[in-house]
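For reference, the structure is listed below as structure tokens.
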Amino acid sequence: MRILDTTHIPFNRPYVTGRELDAIAEAVSQAHLSAGGSFSNRCRALLEEVLNCPMALLVHSCTAALELSALLLEVGPGDEVIMPSYTFVTTATAFALRGATPVFVDIRPDTLNLNENLVESAITERTRAIVPVHYAGVACDMSALAQLADAYSLALVEDAAQGMCATYNGQPLGTVGALGAISFHETKNVTCGHGGVLVVNDEQLMTRAEVLSDKGTNRSSFFRGQVDKYTWTDVGSAYALSDLAAAFLWPQLQESASITENRRQLWNEYHSGFADAEREGLLRRPVIPDGCDHNAHMYYLIMPDRAARDRLIAELEQARINAVFHYIPLHSSPAGRRYGRTHASLAVTDDMSDRLVRLPMWNGMTPALIDRVIDAVVKTLGRSLRPMSVPVR
């Protein structure tokens, strides 16, 4: 038996409802372990209900969902796709893999999301899509981005990897654009270890999305009795999630509302605990714009500079608290320079990347653990930091 180290606070600990093993045992007893089994069908139906979308395809990762998006849009060499540089690598690789050029646009200093006011100037005759990333489960300004997409006849693909159970003006993230990608990785609020969903909101893409996700065959139509045999009809790959993984996901999806509510309580404890430090100009807390109902995916702090961030991470490690920074901007990476293009200044991206620190945040943390993290941060602030020379908002 593994004995947990109760003196150490990890950055993440995957949440388990307690019913996952029973669901997996049921999947095994049904002797259907690959994709398309009963748990896959249950999860898909529940997701389509919760997201209020016409199609939710379970896939093995959010990366797979983004790659399917690129295939569906038929982007290729010479095409450009606008996205932030402050994101996980697969936002870009999904499109670079097809030969398209990621075009990196700066982010907003408040939400760290794609700056909607800078997107239009990045659009060229080669632009095919806009890919906003909902950082920390806080929505981008989808109204402005949707207007731009419509005005220039561009596809809008939401990277909602961190967005399960978050909304924009009441609409679930991943359902505003033509396509949306959500992650069920073990670091996400709802998980099956490694999985995701492609949300298809454009009904004209539904039939082909199903084919591409099933190795380029029309097997799903065959199983529904719509054709008398199935065959290879298009490009595609083995993107679908196994039924074993879907079985793990099933109880997680059933409890997604309570998981989100529990995380919000933890998030609010952090937010309240750092209010005084923000008022004193020692740090900046996350900003949640009106109309954005976030899912408490993460809690981060913006420090005065990189030295202060690194010092805080080191001090917390000494206190046996695992805090981490986040993305290295893609435009500064070797592959980003090779395959992407930077549009104008990315000063905010570079600045926020240097100053952001993420605190431990997982369902199951107790108020006592949250207080311990807050106390350790405040203790470090009190002895080593001076107020920021720039406004906290």
Given a cut-off of 17 Å, what percent of all Cα-Cα pairs of segment 204-245 lie beyond it?
-> 29
Here segment 331-347 yields Karplus 3J(HN,Hα) values (6.51, -1.76, 1.60; θ = phi - 60°; whole Hz; Gly and Pro given as x) of 5, 9, 7, x, 6, x, 5, 7, 9, x, 9, 8, 9, 6, 6, 10, 4
Quick one: which residues, 5 or more positions from MET55 or on another chain, have an amide H under 5 Å from its amide H? H modelled 1.01 Å from N in the peptide plane, none for Pro or chain starts.
-> VAL200
Give me the distance in nm between label points sitting 7 Å out from Cα along the Cα-to-Cβ direction at PHE11 and ARG224, one decimal.
-> 4.2
Placing one equal point scatterer on each C-alpha of segment 168-230 and summing with Debye, one gets log10 I(q)/I(0) at q = 0.12, 0.21, 0.22, 0.23 Å⁻¹ equal to -0.43, -0.93, -0.96, -0.98
Determine by what factor the alpha-carbon radius of gyration of segment 62-185 differs from 2.2 N^0.38 Å, reporting the quotient.
-> 0.93
Projected-area mean, segment 256-384, by convex hull of Cα positions, square nanometres | 9.9
Aspartates and glutamates with Cα under 17 Å of LYS229, excluding same-chain neighbours fewer than 8 positions away = GLU210, ASP214
Within a Gaussian network of the chain (alpha carbon springs, distance under 10 Å), most fluctuating of PRO329, PRO172, PRO77 | PRO77
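Please compute the alpha carbon radius of gyration of the chain, then divide it by the globular-protein estimate 2.2 N^0.38 Å. Two decimals is fine. All intermediate terms of the calculation are to be shown ahead of the outcome.
Details: Rg = 21.5 Å, N = 393, 2.2 N^0.38 = 21.3 Å.
Ratio of Cα Rg to 2.2 N^0.38 Å: 1.01.
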Taking amide H positions as placed 1.01 Å from N in the peptide plane, with prolines and chain starts having none, which residues 5 or more places from ILE107, or on another chain, fall under 5 Å of its amide H?
-> ASN115, VAL348, THR349
Multiply the residue gap between GLN265 and ASP350 by 0.36 nm, knock off their C-alpha separation, and tell me the result in nm, one decimal place.
-> 27.5 nm
Nonlocal amide H pairs with VAL227, under 5 Å, H built at 1.01 Å = PHE222
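No lab work stands behind these numbers, since they all come straight from the coordinates. What you see is a predicted model, and the numbers here were worked out from it, not measured in a lab. Here Cβ is always computed from backbone atoms with ideal geometry, including for glycine, and neighbour counts include all displayed protein chains.
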